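See structure below.
The values are calculated or read from the model by the stated rules, or taken from the named source; none is laboratory data. For clarity, every value in this text was computed on a predicted model and none was experimentally measured. Every residue, glycine among them, receives a Cβ derived from its backbone with ideal geometry; neighbour counts consider all protein chains shown.
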């Protein structure tokens, strides 16, 4: 038994190292697949080790088939989800998966309270359980709401209850107070207000679930990348908390890795929008301080519309083209046509590149995945910082379903709510063609002076239709 | 009404206040124009051209001055050596004069004109408001001076401006530094860029940044924040600290660039010295400095007004007549500005001094001999004055505050954070049990590993990163297994098994979808 425990601990160490290598592998496209493989090996090792250990001293060997069955069922469900998901729906899938981590953590937490792992249950252990369940509950409901918003089951608009900051604060205070009650009543038989430890734990779970819902409903669609990364981070911290609770270092290591990863992604997203994490989580776009309607008239003038043939004529003379995809491209599912367009242009000897803004889409790196799916070579897909300086020397920029990320107001207009956000400076190019359904504003609800610039042409219509028209125009 | 256009008497002045083209415009406004013979020669306008445009050409200078209602000329009245008298003495009693005057520097001339009860409009005093832009002689002349400065520089510079790659070898583009991005500076940027040079520009006014960048030049900045907007779109005098930072920047730049063009002026003050003797000496042999502020003392210590000097193999051009060196177009712009002013003033009565008209009031120096200068200050309207920070630059304020300014604040925050961390470590060490501390150690170290690791992930793979971290956070399955196996309580087992179920969705779903995504990335 002693030997097995040591062996399992070594397996945990190996799994931890494999997870680290896995994340390290994602540093470049070349090593990424190997990285994923390391992750899988690590996970197999960890599960095998813990199963072996658990089975060695289980009081009820009959649970093994039950557990294997659950594992298999979950595996099938996961595999089907992974195989079926459209790349445009990645944000939803990621959010949904986060919710599972949260749910699992709550279940494990409650289970641990019912049957403590160590011999002595002290205050520290109780607090660990409490924290694990709290984080799990917030992650769970928050992710469910994020999923619903991304999937379109719920309005993407922020729902702002009056006094919501007060409400949040009250819930947090309540959770802390109940934590005290929980610790006091955790002895069997002890009770306060007629409720025992388990009941208090469940009351807190409900409170935290409400908090998770409330936090995420208040956040608008454009901020979803940050929310999804944040929930990613939470799911990591939840796992780490579970590790403390179960005294399991592998959980702690893995949780900390995931937690930092999500935190960094959130930070990158916030920086790309020039906002603080507090502003994203608690500020909410479109709230009182923005008052979009009064700002909107600041942008006025004539837009110059263009048709597909006009764009084709422009492109015929272009020596370099930069394509700026936004969420609109994903919505219209136009990425395959965009790739075809790129191939055709490159066939004609035109330099074609893609410019990705860090917050384009609803998930960090979402646009990259969509373009990769369509078959765009990743070495012509550039980050904002890599391409911004080249835009001035570009003949034609094609903006496909993007708005706020190409808004010159972010640099020029101090009154703009997105002022200070780094943007793709497409207006410096020879001509900018904006593919757009109509003159609606982006998620930030801000008018876009780009549309009124003298070198901007608007190609109205569905992005997929427009791209299709352009591809056939280029073919002929 | 008759307008008289005398021949300019100052040596080297080749411009003329009215061109044949503007003669036509003035006639359209109802004026009769009389031009002194040879007035347009320096700007390549013949007397015949004036005649053809409908002007009268006369030879007699004295008759021209005394026989007309308004005299329009370029330079302030000066001694006419040929006639042995001062031009202002030629002006009839209660005569009217429109010209450059610089009343601040030419008090004596103003006094002479006042004696004659003259009405005088100084074209250099036209206020810089949007409406008066079309009459703003200083702007139109600055534009020309900036262009000409580059041409003069290229003339003295023994190399190409644009880079070349030829069979006979390659040259790199010339580097041009332009100090002061006013009208002259911007025009110089455009001209130098047009010749293919690599251009950088500096200005104390933040609003200049976008203008500089829009012309394709690099905007230089000092690490010091102070708004340089003075009244009326000019620069103001900056604080001592700012100037020191600025001088450091210039010293660095001088060692790098081939051409320096300085255009820094502060209203009614001696031009500031920006290029010191040492900076000149640090420049590469063959470099050229053009000092557009030469007339007001110069921005370069080595400048000699009206001359080209060489100091340690660096040519320093201090011409004050750059506009005159482009006399044809300078005259054309000048003439058009004058036409716009008269158009603004007259209506059909000819010539009416409206004291309520900001542009006219600003330019008015003498009104029937009465001193009207300096005019009461105009409530600033047009060019961006200081109060609201100009939008263009503002990125410097809200965007990078953490990086730029509060270095001390960040340091303080960092040390406070460090202190808090140390205290919480101490607290944990003092109270927690050994097992917890061991786990805590693992936890903190893992956070650091994660932090170092994730920054290396290329942004293009952020979605796969989320998917893979998602999969490995399914490690919570370990918890489910431990709880599912290690207990006899039914509820506990069920909870554990359900946890295994949901966590395994995560594990499988996460890894498989990552695999699927990564397969798509191809070169």
| field | Test set (1) outside any helix (DSSP H, G or I); (2) within 14 Å of chain B (Cβ to nearest Cβ); (3) surrounded by 20 or more Cβ atoms within 10 Å (Cβ to Cβ) - residue A:201 fails condition number | value | (1)
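Table: residues versus (1) more than 7 Å from every other protein chain (Cβ to nearest Cβ); (2) surrounded by fewer than 21 Cβ atoms within 10 Å (Cβ to Cβ).
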{"site": "A:21", "(1), (2)": "yes, yes"}
{"site": "A:33", "(1), (2)": "no, yes"}
{"site": "A:49", "(1), (2)": "yes, no"}
{"site": "A:56", "(1), (2)": "yes, yes"}
{"site": "A:60", "(1), (2)": "no, yes"}
{"site": "A:63", "(1), (2)": "no, no"}
{"site": "A:78", "(1), (2)": "no, no"}
{"site": "A:95", "(1), (2)": "yes, no"}
{"site": "A:99", "(1), (2)": "yes, no"}
| Positions within segment A:35-47 being out of contact with any helix residue (DSSP H, G or I) (no Cβ under 8 Å at 6 or more places or on another chain) and either facing another protein chain (nearest Cβ under 8 Å) or in a loop (DSSP other than H, G, I, E, B) (or both), in sequence order | none
| task | State whether one or more residues within segment A:244-251 are more than 7 Å from chain B (Cβ to nearest Cβ) and modelled with pLDDT under 90. | result | yes
| query | So is residue A:26 more than 7 Å from chain B (Cβ to nearest Cβ), under 18 Å from residue B:454 (Cα atoms) and within 23 Å of the chain's Cα centre (by Cα) or not? | reply | no
| Which is more than 8 Å from chain B (Cβ to nearest Cβ) and either over 23 Å from the mean Cα position of the chain (by Cα) or not in a helix (DSSP H, G or I) (or both), of A:71, A:4? | A:4
| task | Considering each of B:63, B:114, B:49 in turn, give the residue that is out of contact with any helix residue (DSSP H, G or I) (no Cβ under 9 Å at 6 or more places or on another chain), without any contact (Cβ under 8 Å) to a residue 40 or more places away in the chain and surrounded by fewer than 22 Cβ atoms within 10 Å (Cβ to Cβ). | result | B:63
| query | Taking segment A:132-165 only, how many residues are in a helix (DSSP H, G or I) and out of contact with any helix residue (DSSP H, G or I) (no Cβ under 6 Å at 6 or more places or on another chain)? | reply | 4
| query | Which condition number does residue B:7 fail, the rest of (1) assigned to a loop (DSSP other than H, G, I, E, B); (2) crowded, with 22+ Cβ neighbours inside 10 Å; (3) free of Cβ contacts under 8 Å to residues at least 60 places away in the same chain being met? | reply | (2)
| field | Candidates A:138, A:127, filtered to the one that is assigned by TED's automatic domain parsing to the domain that holds residue A:265 and modelled with pLDDT of 90 or more | value | A:138
| Among the residues of segment A:158-209, how many are in contact with a strand residue (DSSP E or B) (Cβ under 6 Å, 6 or more places away or on another chain) and within 26 Å of residue A:224 (Cα to Cα)? | 0
| What helices (runs of 4 or more DSSP H) completely inside segment A:291-405 contain at least 2 residues that are in contact (Cβ under 8 Å) with a residue 24 or more places away in the chain, touching a strand residue (DSSP E or B) at 6+ places or on another chain (Cβ under 9 Å) and surrounded by fewer than 17 Cβ atoms within 10 Å (Cβ to Cβ)? | A:308-317
| residue B:428 at the interface with chain A (Cβ under 7 Å from one of its Cβ atoms), more than 46 Å from the chain's Cα centre (by Cα) and either modelled with pLDDT of 85 or more or more than 22 Å from residue A:26 (Cβ to Cβ) (or both) | no
| When you scan segment A:166-189, how many residues do you find that are assigned to a loop (DSSP other than H, G, I, E, B) and surrounded by 12 or more Cβ atoms within 10 Å (Cβ to Cβ)? | 2
| task | List every residue pair whose Cβ atoms sit under 8 Å apart, with the two residues 6 or more apart in sequence or on different chains, where the first one lies in segment B:503-523 and is within 7 Å of chain A (Cβ to nearest Cβ) and under 15 Å from residue A:95 (Cα atoms) and the second, anywhere, is modelled with pLDDT under 90 and not in a helix (DSSP H, G or I). | result | B:513/A:85
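Do you know which residues across segment B:192-211 are surrounded by fewer than 24 Cβ atoms within 10 Å (Cβ to Cβ) and touching a residue at least 24 places away in the same chain (Cβ under 8 Å)?
B:193, B:195, B:196, B:198, B:200, B:204, B:205, B:207, B:209, B:210, B:211
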| Which members of segment B:236-274 meet the condition of being in contact with a strand residue (DSSP E or B) (Cβ under 8 Å, 6 or more places away or on another chain) and without any contact (Cβ under 8 Å) to a residue 60 or more places away in the chain? | B:236, B:246, B:249, B:266, B:273
| Selected residue [touching a residue at least 40 places away in the same chain (Cβ under 8 Å) and within 17 Å of the chain's Cα centre (by Cα)] from B:159, B:140 | B:140
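Looking at segment B:412-504, what helices (runs of 4 or more DSSP H) fall wholly within it and have at least 3 residues that are more than 30 Å from residue A:41 (Cβ to Cβ)?
Working: elements: B:434-454, B:462-473, B:477-485.
So the answer is B:434-454.
Pick out the one residue from B:395, B:459, B:391 that is at pLDDT below 85, at the interface with chain A (Cβ under 8 Å from one of its Cβ atoms) and in contact with a strand residue (DSSP E or B) (Cβ under 6 Å, 6 or more places away or on another chain).
Just one listed residue meets the conditions, B:459.
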